[in-house]
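First up is the structure itself, then whatever we jot down about it.
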Amino acid sequence: MKVEDFDFHLPEELIAQTPLENRSESRLMVLDKEDGSIDHLRFKNIVDLLDEGDCLVLNDTRVLPARLFGQKEETGANIEVLLLKQEEGDQWETLVKPAKRVKVGTEIVFGDGKLKATCVGTKDHGGRIMEFAYDGIFYEVLEELGEMPLPPYIRERLEEQDRYQTVYAKERGSAAAPTAGLHFTEELLEELKQKGVHIAFITLHVGLGTFRPVSVDSIEDHDMHSEFYQISEGTARLLNDVRDKGGRIITVGTTSTRTLETIASKHDRFVEENGWTNIFIYPGYEFKGIDGLITNFHLPKSTLIMLVSAFAGQEHVLKAYETAVQEKYRFFSFGDAMFLK
């Protein structure tokens, strides 16, 4: 199957640069995966589309303010450091710019010395292993000095950092937000609970690989990046109970989907588990864990649109995207949403 099969024309002006003032006022396209029919609603109408006994599965990962701006201690040259993954203790895998200025032994200072980093190693892809030194608690220092690592297609500065977090974000560790969840407010979640819809949480820490373009011609040749996930015993028990009673399991976002499908592919039932997943879902995949999916509108030729196409059918999805362009839906992280049922 060719990557080109998942291309579509997207006018640049439809790429949302800022979030809406009210999260739940974004538009919602409802796509029936059986017949391809489409309805146009507002996200707050999701309450009317879910039934008592259904279960929404949310990714409670929290985005780290992982972009740091500092200076080389020797020369004062400006250096940007992006945290990717904690390796061990205070050592992190990072991307630095300009990389050529950072060699093993280079020291970088942030925030007038509140945080310091020393390069202690390199990675094959050009990354650097940085060891940090600080007083107090690392994550509190990071909250003070760091900025959100917004996706490359967002060029406007984000005034309120929390708008790139879900209202239920809890577990620190992501380099990017699980953006399908950005549409929920605490009030909307409470309304769903009052209706009898179960709310379940899993964690998958989103890596920057989610923005990595597919660089091969045939999608079968693409190597998916690995991301850490975990599901608690309580969540597993709830999901099994919902399934046994005939309720629907509806994931919010491709991250929640990949987590549940990773577990469902290995076990007959949901189980408590943590680990790393590089599951790559594209048309031909047989879903084992979910009945519905809430997601944003994704990049052309991305692994995310391939996953959505696997769930609702490539023809239906590309037709829906064509409709979204015609109807001027907002795309990507701060854009509108789809409910595939």
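The values are calculated or read from the model by the stated rules, or taken from the named source; none is laboratory data. Everything numeric here is computed off the predicted structure, so don't read it as measured data. Note that each Cβ is placed from the backbone with ideal geometry, even for glycine, and that neighbours are counted across all protein chains shown. Side chains included, ligands, DNA and RNA excluded: accessible areas come from the protein's heavy atoms. Shrake-Rupley method; radii C 1.70, N 1.55, O 1.52, S 1.80 Å.
Compute the signed sum of charges (Lys and Arg +1, Asp and Glu -1) over the other residues within less than 13 Å, Cβ to Cβ, of Ala133.
Result for the neighbourhood of Ala133: -3.
As a quick test, which of the pairs Lys97/Lys123; Lys116/Lys170; Lys44/Lys301; Lys195/Lys245; Lys33/Lys319; Lys195/Lys328 have an alpha carbon distance above 21 angstrom in this structure?
Where the Cα-Cα span goes over 21 Å, the pairs concerned are Lys116/Lys170; Lys44/Lys301; Lys195/Lys328.
Determine the principal axes of the Cα atoms in the range 67-147, then give the extent along each, sorted from largest to smallest and rounded to whole angstroms.
Taking the Cα atoms of the range 67-147, the three principal extents are 31, 28, 20 Å.
Just the number: Rg to Rh for the range 237-287, Cα atoms, Kirkwood Rh, two decimals.
0.95
Given an 8 Å cut-off on Cα distances and at least 6 residues of separation, report the relative contact order of the chain as a percent. Before the final figure, lay out each step's value.
On the way: 711 pairs, mean separation 88.0, N = 341.
Relative contact order for the chain comes out at 26 percent.
Per residue and in cubic angstrom, what volume does the convex hull of the Cα atoms of the chain have?
Convex hull of Cα atoms, per residue: 144 Å³.
So how far apart, in nm, are the two label points at Val325 and Glu143 if each is 7 Å from Cα heading toward Cβ?
The two pseudo-label positions are separated by 4.3 nm.
For a protection proxy built on the mean count of beta-carbon atoms within 10 angstrom, sort 56-62, 80-86, 223-229, 10-16 highest first, please.
Working: 56-62: 24.4, 80-86: 19.3, 223-229: 17.7, 10-16: 14.0.
In descending order of packing, they fall as 56-62, 80-86, 223-229, 10-16.
How many Å² of accessible area per residue for the chain, probe 1.4 Å?
Per-residue value: 46 Å².
Within the set of other residues whose C-beta is less than 12 Å from the C-beta of Thr257, count the net charge using Lys and Arg as +1 and Asp and Glu as -1.
It works out to a net charge of 0.
For the range 154-204, what relative contact order do you get, as a whole percent, if you take Cα pairs closer than 8 Å and at least 6 residues apart?
Across the range 154-204, relative contact order equals 32 percent.
Starting from the 7 Å offset along Cα-to-Cβ, what nm value, one decimal, do you get for the label separation of Phe8 and Arg243?
So the label points at Phe8 and Arg243 sit 3.0 nm apart.
Evaluate the range 1-60: find the radius of gyration of its Cα atoms, find its Kirkwood radius, and give the ratio Rg to Rh.
1.03
Quickly work out the Glu171-to-Glu156 label distance, labels modelled 7 Å from Cα along the C-beta direction, and quote it in nm with one decimal.
Those two pseudo-labels are separated by 3.3 nm.
Net charge near Pro19, counting Lys/Arg +1 and Asp/Glu -1 over other residues with Cβ under 13 Å of its Cβ?
For residues surrounding Pro19, the net value is -3.
Under 8 Å for C-alpha pairs, at least 6 residues apart: give me the relative contact order for the range 67-147, rounded to a whole percent.
On the way: 155 pairs, mean separation 21.7, N = 81.
About 27 percent, as a whole number.
Can you pull the Kirkwood radius for the range 117-225, inverse mean 1/r over Cα pairs, to one decimal in Å?
Every distinct Cα pair counted, the radius reaches 17.5 Å.
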